[in-house]
Amino acid sequence: MTATEALLSLMLLSSPAEMATVSQVQAPTTLSIIACRTVDLTGQKGRQDPALAAPGWRDLEWFINPSQELECKREVADLLDSAEMMFPHKTEPLEPDFSNWSQCASAGMSYAAAWNEKHKGWAVLAVGCPVKIIDSETGNVLSFKIPECPSHMPGTENRIKCSFDESLI
């Protein structure tokens, strides 16, 4: 047993035999949703005519506060398998690996559309996928980290003011 495994064994209060499962840590079915405030300009003069747009279309722009920052929030969303919930003893549970970018992106984009519909005045800016925390000595996956809110809009220099308490926005 390596020194890291021994220390981890003590920290987890488990035996070395139980440590064999450390490399088999399951990725969480959790996503980090980064959503920012929007301004609905649908139907305003000089904007796109809603009558010419697709049904349900909205003319949204990011809200920028007086400090020239986007006002955003981070929500951690636990995704559940609805078939497993409805028929717990009749279905095989899905075991997605959201640390795999393609699986996370697929689930995240589907979830983002539904999230946007439920949260008027907000829009999903980004979806954060769980990131593996790997033991550099053994290569074992120790755990996963859910991404925090970024300080800038991805791909730009636009600053983000992220709040985790809606009452602060």
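Looking at this structure, is GLU148 more than 24 Å from ILE64 (Cα to Cα), part of a loop (DSSP other than H, G, I, E, B) and either in contact with a Phe, Trp or Tyr (Cβ under 7 Å, 6 or more places away or on another chain) or not basic (Lys, Arg) (or both)? It would help to see each step written out before you state the result.
Details: more than 24 Å from ILE64 (Cα to Cα): no; part of a loop (DSSP other than H, G, I, E, B): yes; either in contact with a Phe, Trp or Tyr (Cβ under 7 Å, 6 or more places away or on another chain) or not basic (Lys, Arg) (or both): yes.
When the stated conditions are applied, GLU148 does not pass them.
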May I ask you to list the residues in the range 34-67 that are of a type in the set (Gly, Ala, Ser), under 25 Å from GLY108 (Cα atoms) and either loosely packed, with under 15 Cβ neighbours inside 10 Å or at pLDDT below 85 (or both)? ALA54, GLY56
For THR4, the lone unmet condition from (1) modelled with pLDDT under 85; (2) exposed (fewer than 12 other Cβ atoms within 10 Å of the Cβ); (3) polar (S, T, N, Q) is (2)
Step by step: first the residues of the range 103-124, then only those that are farther than 18 Å from THR30 by Cβ and part of a strand (DSSP E or B), then the one that is nearest to the chain's Cα centre (by Cα). Which residue is that? ALA123
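The values are calculated or read from the model by the stated rules, or taken from the named source; none is laboratory data. These figures come from a predicted structure and were not determined experimentally. Note that each Cβ is placed from the backbone with ideal geometry, even for glycine, and that neighbours are counted across all protein chains shown.
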